[in-house]
Amino acid sequence: MLSKISPNVSVWAVDPHGDPLGLYLRSLTSLKARLAADTLVLPGHQLPFYGLHLRSDELMRHHEQRCAAIIAACRSRPRSAAELVPVIFHQALDAHQMSFAFSEVLAHVNYLLREGILAWAKERDGVARIALAPNREPPLSCTSADEC
């Protein structure tokens, strides 16, 4: 739990189908259920702070917004995980930053796949793409990537 930045929640090569975002969101929910709102948080970076519940809610909202942006982008057409990177990361990225960005996008994609909101689309050119799952209206409010 960090006070000002969100931690890197990424899929790693050793577990390409893993759901680290789902694990992270469940851990935030568990912390809120087990610890008082005014618990002193001792983060690995920066100064200690109070406000565990508030910060947990901010982090969950942050990831919900990222999921909503991915869903909105996939409404218009199926997308590869690489095509979704600029949906979430709007700045120019060097190779090192791109590796983290791609892994974070994939964490959100894997979470949305597990939730049944997204599904793998048929490959036409050998590139795996993600689309909205058939007959499933996502529970998130964004209708276009620009709204998120």
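The values are calculated or read from the model by the stated rules, or taken from the named source; none is laboratory data. This is a predicted model, so every value here is computed, not measured. So basically every Cβ, Gly included, is an ideal-geometry build from the backbone, and we count neighbours across all protein chains shown. Heavy atoms of the whole protein, side chains included, go into the accessibility calculation; ligands, DNA and RNA do not. Shrake-Rupley method; radii C 1.70, N 1.55, O 1.52, S 1.80 Å.
Worth a mention:
- Residue in the stretch 68-89 that is surrounded by 15 or more Cβ atoms within 10 Å (Cβ to Cβ), free of Cβ contacts under 8 Å to residues at least 60 places away in the same chain, more than 14 Å from the chain's Cα centre (by Cα) and more than 19 Å from TYR111 (Cα to Cα) present: no
- Condition check for ASP94: modelled with pLDDT of 95 or more, over 26 Å from LEU23 (Cβ atoms) and open to solvent by 40 Å² or more (accessible area, probe 1.4 Å): yes
Let's see how each residue does on (1) within 21 Å of the chain's Cα centre (by Cα); (2) buried (at least 17 other Cβ atoms within 10 Å of the Cβ); (3) not polar (S, T, N, Q):
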| position | (1), (2), (3) |
| --- | --- |
| TYR24 | yes, yes, yes |
| THR29 | yes, no, no |
| LEU42 | no, no, yes |
| LEU52 | yes, yes, yes |
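- Comparison of SER103, SER99, SER56 shows that the only residue that is among the polar types (S, T, N, Q), open to solvent by less than 80 Å² (accessible area, probe 1.4 Å), touching a Lys or Arg at 6+ places or on another chain (Cβ under 7 Å) and part of a helix (DSSP H, G or I) is SER56.
- Failed item, numbered, when HIS108 is tested on (1) open to solvent by 80 Å² or more (accessible area, probe 1.4 Å); (2) under 13 Å from CYS67 (Cα atoms): (1)
- Every residue from the stretch 31-54 that is within 11 Å of SER3 (Cβ to Cβ) and in contact with a helix residue (DSSP H, G or I) (Cβ under 6 Å, 6 or more places away or on another chain): VAL41
- Looking only at the stretch 6-22, residues that are open to solvent by 90 Å² or more (accessible area, probe 1.4 Å) and either among the small types (Gly, Ala, Ser) or under 13 Å from ARG55 (Cβ atoms) (or both) come to 1 in all.
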